[in-house]
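First up is the structure itself, then whatever we jot down about it.
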């Protein structure tokens, strides 16, 4: 049994067509058909029921397809690990991001980067604004996705990625949840919930008080799950940053735009990395981020 035969079989299933599978694999349609028939002959089972121009998987074919995905995944992982072992000084890209960021852009950038550079290991750290700043200063992270809270420094590359709009998440049982938007000042009697570790609580609270203008009591959570449980049980609201258009469907929590004097509360998100720690991979990753944001 050849790996190529398995790849052809997977391509037929995933495209739903022998013709499209041939295009995907850059071979002729007859080559695809021939190799799959040889695969069936070697296994001595029927993998596909053919119906003129269409086909369906047999039970054996369904089983073989699922198992083949595991085999190919294991082989790809083995290839990556083997290359890393061969390169004792393998490259690691260390990425940090602000704990208040909840978008999909970063995960998509990492996925694309890993496909492009399969031998480069990517590690992730999450932290407060100041924790990430100190991590860059102490050479513990290569590139950071963070909101801008201080003037740009000429010691860093400062790549503006996007502007976020701040919303609050609040229980749908709260009377405020029916509002189309909410003023910062209207929240002074409702506790603000921040997702932050204990060491960074004071600095984060001070930022939301002094810069965002939130007044009143503050509650803290170590995770998003804990914060949303506090919201559901009516303990307070949580500010969140939303980049672009994001659909929000939740039966227990409402998401409302936050405004100050009728103007949306915004943040600027950037990628930061040190000029004395720049390089091709960091800059390419930054380009991916900029494209996706």
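The values are calculated or read from the model by the stated rules, or taken from the named source; none is laboratory data. Small disclaimer: the values here were computed from a predicted structure and weren't measured. Cβ atoms come from the backbone with ideal geometry, glycine included; neighbour counts cover every protein chain shown.
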Filtered residue count, region 112-130, keeping only those that are within 20 Å of residue 278 (Cα to Cα) and surrounded by 19 or more Cβ atoms within 10 Å (Cβ to Cβ): 1
Odd one out for residue 15, checked against (1) surrounded by 12 or more Cβ atoms within 10 Å (Cβ to Cβ); (2) more than 30 Å from residue 287 (Cα to Cα); (3) in contact (Cβ under 8 Å) with a residue 40 or more places away in the chain: (3)
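Could we say that residue 37 is farther than 23 Å from residue 74 by Cβ, assigned by TED's automatic domain parsing to the domain that holds residue 71 and either at pLDDT 90 or above or in contact with a strand residue (DSSP E or B) (Cβ under 6 Å, 6 or more places away or on another chain) (or both) here? Before you say what the answer is, go through the steps one by one.
Details: farther than 23 Å from residue 74 by Cβ: yes; assigned by TED's automatic domain parsing to the domain that holds residue 71: yes; either at pLDDT 90 or above or in contact with a strand residue (DSSP E or B) (Cβ under 6 Å, 6 or more places away or on another chain) (or both): yes.
Yes.
More than 23 Å from residue 148 (Cβ to Cβ) and in contact with a helix residue (DSSP H, G or I) (Cβ under 9 Å, 6 or more places away or on another chain): which single residue out of 216, 234 fits that description? Write out each step before concluding.
Working: 234 fails: in contact with a helix residue (DSSP H, G or I) (Cβ under 9 Å, 6 or more places away or on another chain).
Every option except 216 fails the conditions.
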Breaking point among (1) surrounded by 14 or more Cβ atoms within 10 Å (Cβ to Cβ); (2) out of contact with any strand residue (DSSP E or B) (no Cβ under 9 Å at 6 or more places or on another chain); (3) in contact (Cβ under 8 Å) with a residue 12 or more places away in the chain, for residue 55: (2)
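Yes or no, residue by residue, for (1) in the same structural domain as residue 182 (by TED's automatic domain parsing); (2) surrounded by 19 or more Cβ atoms within 10 Å (Cβ to Cβ); (3) under 24 Å from the mean Cα position of the chain (by Cα); (4) farther than 27 Å from residue 109 by Cβ:
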position: 202; (1), (2), (3), (4): yes, no, no, yes
position: 205; (1), (2), (3), (4): yes, no, no, yes
position: 210; (1), (2), (3), (4): yes, no, no, yes
position: 217; (1), (2), (3), (4): yes, no, no, yes
position: 241; (1), (2), (3), (4): yes, yes, yes, no
position: 247; (1), (2), (3), (4): yes, no, yes, no
position: 257; (1), (2), (3), (4): yes, no, yes, no
position: 278; (1), (2), (3), (4): no, no, yes, no
Conditions (1) surrounded by 12 or more Cβ atoms within 10 Å (Cβ to Cβ); (2) without any contact (Cβ under 8 Å) to a residue 40 or more places away in the chain; number of the one not met by residue 91: (2)
Conditions (1) more than 32 Å from the chain's Cα centre (by Cα); (2) modelled with pLDDT of 90 or more; (3) over 22 Å from residue 76 (Cβ atoms): number failed by residue 32: (3)
Residue count, region 30-44 (criterion: touching a residue at least 12 places away in the same chain (Cβ under 8 Å) and surrounded by 18 or more Cβ atoms within 10 Å (Cβ to Cβ)): 4
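With the structure loaded, tell me whether residue 194 is closer than 24 Å to residue 293 by Cβ, assigned by TED's automatic domain parsing to the domain that holds residue 170 and either part of a strand (DSSP E or B) or free of Cβ contacts under 8 Å to residues at least 60 places away in the same chain (or both) or whether it fails that test.
Details: closer than 24 Å to residue 293 by Cβ: yes; assigned by TED's automatic domain parsing to the domain that holds residue 170: yes; either part of a strand (DSSP E or B) or free of Cβ contacts under 8 Å to residues at least 60 places away in the same chain (or both): yes.
Against the criterion (closer than 24 Å to residue 293 by Cβ, assigned by TED's automatic domain parsing to the domain that holds residue 170 and either part of a strand (DSSP E or B) or free of Cβ contacts under 8 Å to residues at least 60 places away in the same chain (or both)), residue 194 qualifies.
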Residue match in region 65-84 (condition: closer than 30 Å to residue 161 by Cα and at pLDDT below 90): no
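Against the condition in contact with a strand residue (DSSP E or B) (Cβ under 6 Å, 6 or more places away or on another chain), in a helix (DSSP H, G or I) and closer than 22 Å to residue 181 by Cα, how does residue 267 come out, does it pass? Talk me through it step by step, then tell me what you get.
Details: in contact with a strand residue (DSSP E or B) (Cβ under 6 Å, 6 or more places away or on another chain): yes; in a helix (DSSP H, G or I): no; closer than 22 Å to residue 181 by Cα: yes.
Criteria not met by residue 267.
With in contact with a strand residue (DSSP E or B) (Cβ under 8 Å, 6 or more places away or on another chain), farther than 30 Å from residue 132 by Cα and surrounded by 14 or more Cβ atoms within 10 Å (Cβ to Cβ) as the only criterion, which of 47, 106, 20 stands out?
Details: 106 fails: farther than 30 Å from residue 132 by Cα; 20 fails: in contact with a strand residue (DSSP E or B) (Cβ under 8 Å, 6 or more places away or on another chain).
Being in contact with a strand residue (DSSP E or B) (Cβ under 8 Å, 6 or more places away or on another chain), farther than 30 Å from residue 132 by Cα and surrounded by 14 or more Cβ atoms within 10 Å (Cβ to Cβ) holds for just one of 47, 106, 20, which is 47.
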The lone exception for residue 147 - which of (1) modelled with pLDDT under 90; (2) under 19 Å from the mean Cα position of the chain (by Cα); (3) farther than 22 Å from residue 210 by Cβ; (4) surrounded by 15 or more Cβ atoms within 10 Å (Cβ to Cβ) it fails: (3)
